[in-house]
Amino acid sequence: MSISRKGSFPSDEEQKNRAREFERLLGRGDVRLSCREMKEILSGRSGKGGEIDLPVLLDVREEWEYRYVRFPGAIHIPLSRLPENLEKIPSDRDIIVYCHTGIRSLLACYMLLQNGFVKVRNLDGGIDDYARRVEPDLPRYRLEEGRRPPETVLAKNAVGEGRGEPNPWGEGVSARISL
């Protein structure tokens, strides 16, 4: 996510427009998966009412994002570490890639396609759009000024998952980050 020239964060619609423009530049728009389709897949049902095999869910966000909110059973490989971790992704199954707004995951989709994966889809709008449109109980977040994770996210991450001790990964995470 980048800050606009006005110093504010782009709107959700601006983010989606950027992703679509990127799809046009790459010449592929066939990887898009809507939030409605994702809901059907996560429920274990196809659009025709039949049972389906669940695809691999690949989360390419940063660790702090993954710790805060994710789809159950997702494989987590940040986009920056994807090239050296391709062998961790099953190539014989459908793969749904997601991130916060759908842009990093779109890059990951094209990386996977270039490396021989054929059944790859990108969650249009990312987990944030899914939370807004389909699952309003899922937590949402936005980067704060200075491109920092929100304090509420950092506080939750610092506690760790089910541990009473601070999360060592969380130390110093409030530093400026780049996506």
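The values are calculated or read from the model by the stated rules, or taken from the named source; none is laboratory data. From a predicted model like this one, the values you see are computed outputs, not experimental measurements. Backbone-built Cβ (ideal geometry, glycine too); neighbour counts: all protein chains shown.
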Some residue of region 58-71 being surrounded by fewer than 19 Cβ atoms within 10 Å (Cβ to Cβ), not in a helix (DSSP H, G or I) and not charged (D, E, K, R): yes
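Residues are listed down the side, and each one gets a yes or a no for (1) of a type outside the set (A, V, I, L, M, F, W, C); (2) at pLDDT 75 or above:
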position: L107; (1), (2): no, yes
position: K119; (1), (2): yes, yes
position: N122; (1), (2): yes, yes
position: G146; (1), (2): yes, no
position: P150; (1), (2): yes, yes
position: A155; (1), (2): no, yes
position: G162; (1), (2): yes, no
position: G170; (1), (2): yes, no
position: L179; (1), (2): no, no
Those residues of region 108-127 which are out of contact with any Cys (no Cβ under 9 Å at 6 or more places or on another chain), in contact (Cβ under 8 Å) with a residue 60 or more places away in the chain and either closer than 13 Å to D59 by Cβ or in a helix (DSSP H, G or I) (or both) amount to C109, Y110, L113
Checked I89, I52 against criteria (at pLDDT 75 or above, aliphatic (A, V, I, L, M) and over 20 Å from Y130 (Cα atoms)); the one match is I89
